[in-house]
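K.L.:
Questions regarding the structure given below will be posed in turn.
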Amino acid sequence: MANLLMALYDSGRTTFTTTEAAKITGLTVPLASSLLHKARKRGLVSQVKRGLFIIVPPELGSSAEYAGNPDLVARYLADDAPYFLSHASAMELHRMVTQPQFVMFVSSTKRIPKQTLHGTQFRFVLLKSKDFLATQNTGSQNKSRSKSATSNGPSSTASATPNIAAG
């Protein structure tokens, strides 16, 4: 487990899947799943949803309920579909709101049902493919899944932060 955590910290990643853990440790997916289950019981990682984990920061102790950064969780929930944070979530990211946002809005070309994970609600807005202009790799916290989105429209903006735009 120490090698997995060290490899994830070295690569700057705190959110990971069971498959990624299996690749890093060299274990099969069922053995990696068992390892992560034991780590979750010890409070080293928190399970966001089936197959998706977040490293619990050491300063939180053995807290079993840690949701991590919702911006990064949104990346995993969108899977391989193009997406960007939108609506009030984009405004919060750019510090344009004064009230906390408890709903993450994610625009994507894939129909994804809304989900609530550790108290944060994720709502997905379906876009037509023609309305989603482009994506590009930006080299962020999770290098294998980082993309930046640019949306159509005269008032849309793209951020240097991966997969985040407001329109």
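The values are calculated or read from the model by the stated rules, or taken from the named source; none is laboratory data. A quick note: this is a predicted structure, and the numbers were derived from the prediction, not measured. FYI the Cβ positions are ideal-geometry reconstructions off the backbone, even for glycines, and counts take in every protein chain you see.
K.L.:
Can you confirm whether R13 is assigned by TED's automatic domain parsing to the domain that holds F132, among the charged types (D, E, K, R) and closer than 30 Å to F132 by Cβ?
P.N.:
no
K.L.:
Of (1) among the small types (G, A, S); (2) in contact with a strand residue (DSSP E or B) (Cβ under 8 Å, 6 or more places away or on another chain); (3) more than 17 Å from Y76 (Cβ to Cβ), G43 satisfies all except one. Which?
P.N.:
Going through (1) among the small types (G, A, S); (2) in contact with a strand residue (DSSP E or B) (Cβ under 8 Å, 6 or more places away or on another chain); (3) more than 17 Å from Y76 (Cβ to Cβ) one by one, G43 breaks only (2).
K.L.:
So, one more: Residue under question is F102, and the condition is that it be among the aromatic types (F, W, Y) and surrounded by 13 or more Cβ atoms within 10 Å (Cβ to Cβ); does it hold?
P.N.:
Here the answer is no, as F102 does not meet what is asked.
K.L.:
To continue, here is another question. Looking only at segment 1-24, how many residues end up being assigned to a helix (DSSP H, G or I), among the small types (G, A, S) and more than 17 Å from R40 (Cα to Cα)?
P.N.:
1
K.L.:
Next question. Do the conditions hold for L36, that is, is it farther than 27 Å from P113 by Cβ, touching a residue at least 12 places away in the same chain (Cβ under 8 Å) and of a type outside the set (S, T, Y)?
P.N.:
For L36, the condition - farther than 27 Å from P113 by Cβ, touching a residue at least 12 places away in the same chain (Cβ under 8 Å) and of a type outside the set (S, T, Y) - is not met.
K.L.:
Condition (residue is in contact (Cβ under 8 Å) with a residue 24 or more places away in the chain, of a type in the set (S, T, N, Q) and buried (at least 16 other Cβ atoms within 10 Å of the Cβ)) applied to segment 1-12: is it met by at least one residue?
P.N.:
no
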